[in-house]
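K.L.:
Please see the structure below; I have some questions.
The values are calculated or read from the model by the stated rules, or taken from the named source; none is laboratory data. Remember, predicted model here, so these are calculated numbers, not experimental data. Every residue, glycine as well, gets a Cβ built from its backbone with ideal geometry; the counts of neighbours run over all protein chains shown. With ligands, DNA and RNA removed, areas are computed over all heavy atoms of the protein, side chains included. Shrake-Rupley method; radii C 1.70, N 1.55, O 1.52, S 1.80 Å.
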Amino acid sequence: VSLKGRVVVVDFWATWCGPCRKALPLLQKLAEEFRDRPVTFLTVDCFERSSGDEMRAKVAEAARALGLTLPVLLDEDGQTARSWGVKGIPATFVVNQDGGLAASHTGAGPDYAELIRGDIIKLLSPEP
């Protein structure tokens, strides 16, 4: 699947992270809001305190409990998160249509969904 020409929102999270669990349903709602637009949402589970089957089961259970239908990718060794420069989670990155980083947010404050929505709308709006 090519993501070229699409806005991509990538969220790094973990099952033990309270703010992450608060942010994921908000991302799910945003994904539904933008489902007819060229926007892709990806979630990446990282920094788990378990591995292998135990980790996969824990992540699957968390995704079910949170009502997630977004893709959940597993970063079992944390290498992907580190390569993105993730220092704290949730860490949400908004990538523009050319693959460049447009915005990044660490944490999930009360304005989290509005910030991400604003980033997306700005990228989808044609230049004046």
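K.L.:
Any idea which of Thr80, Ile116, His105 is furthest toward the positive side of the dipole for the chain, if Lys and Arg beta-carbons carry +1 and Asp and Glu beta-carbons -1?
P.N.:
In the chain, that residue is Ile116.
K.L.:
Which percent, to the nearest 5, of DSSP beta bridges fully inside the chain are antiparallel? Present the calculation step by step, with values, prior to reporting the outcome.
P.N.:
Details: 10 of 21 bridges.
DSSP beta bridges in the chain are roughly 50 percent antiparallel.
K.L.:
About the Cα centre of segment 46-101, how large is the charge dipole given +1 on each Lys and Arg Cβ and -1 on each Asp and Glu Cβ? Please answer in debye to the nearest 20. Could the numbers behind the result be given before it?
P.N.:
On the way: 6 positive and 8 negative charges, 37 e Å.
For segment 46-101, the charge dipole is close to 180 debye.
K.L.:
What does the charge count near Thr106 come to, summing +1 for each Lys or Arg and -1 for each Asp or Glu among other residues with Cβ under 12 Å from its Cβ?
P.N.:
On the way: positive: Lys87; negative: Asp11.
Computed value for this residue: 0.
K.L.:
With r as the distance between the Cβ atoms of Ser50 and Ser83 and R0 = 25 Å, compute the FRET efficiency 1/(1 + (r/R0)^6) and round to 0.05. Could the numbers behind the result be given before it?
P.N.:
Values: r = 22 Å, r/R0 = 0.87.
Computed FRET efficiency for Ser83 and Ser50: 0.70.
K.L.:
To continue, here is another question. With contacts defined as alpha carbon pairs under 8 Å and 6 or more residues apart, what's the relative contact order of the chain in percent?
P.N.:
RCO, the chain: 35 percent.
K.L.:
Below 15 angstrom from the Cβ of Glu76, what's the summed charge of the other residues (Lys, Arg +1; Asp, Glu -1)?
P.N.:
Details: positive: Arg49, Arg56, Lys58, Arg82; negative: Asp45, Glu48, Asp53, Glu54, Asp75, Asp77.
Once all neighbours under 15 Å are counted, the net charge is -2.
K.L.:
Give, rounded to the nearest 20 debye, the magnitude of the charge dipole that the chain has about its Cα centre when Lys and Arg contribute +1 at Cβ and Asp and Glu contribute -1 at Cβ. Don't jump to the answer; show the numbers that get you there.
P.N.:
Details: 15 positive and 17 negative charges, 27 e Å.
With only Lys, Arg, Asp and Glu charged at Cβ, the dipole is about 120 debye.
K.L.:
Mind checking segment 48-128 for trypsin sites (Lys or Arg not before Pro) that DSSP puts in a loop (not H, G, I, E or B) and that have at most 15 other Cβ atoms within 10 Å?
P.N.:
Hits after loop and neighbour filter: Arg49, Lys87.
K.L.:
OK, next. Enter the angle in degrees (range 0 to 90, nearest 10) between the Cα long axis of helix 52-65 and the first principal axis of the Cα atoms of the chain, meaning the one along which they spread out most.
P.N.:
For helix 52-65, the angle is close to 60 degrees.
K.L.:
By residue number, which cysteines of the chain lack any other Cys whose Cβ falls under 4.7 Å from their Cβ?
P.N.:
Cys46, each lacking another Cys Cβ under 4.7 Å.
K.L.:
Which value at 222 nm does the chain reach when only helices count, each DSSP H run of 4 or more adding -39,500 (n - 2.57), with the total divided by all residues and rounded to the nearest 500 deg cm²/dmol? Write down the numbers at each step before the final one.
P.N.:
Numbers: 4 runs with 48 residues, N = 128.
That calculation yields -11500 deg cm²/dmol at 222 nm.
K.L.:
Tell me, what is the per residue accessible area of the chain in Å², probe radius 1.4 Å? Walk me through the numbers before you get to the answer.
P.N.:
Numbers: 6990 Å² over 128 residues.
Result: 55 Å² per residue.
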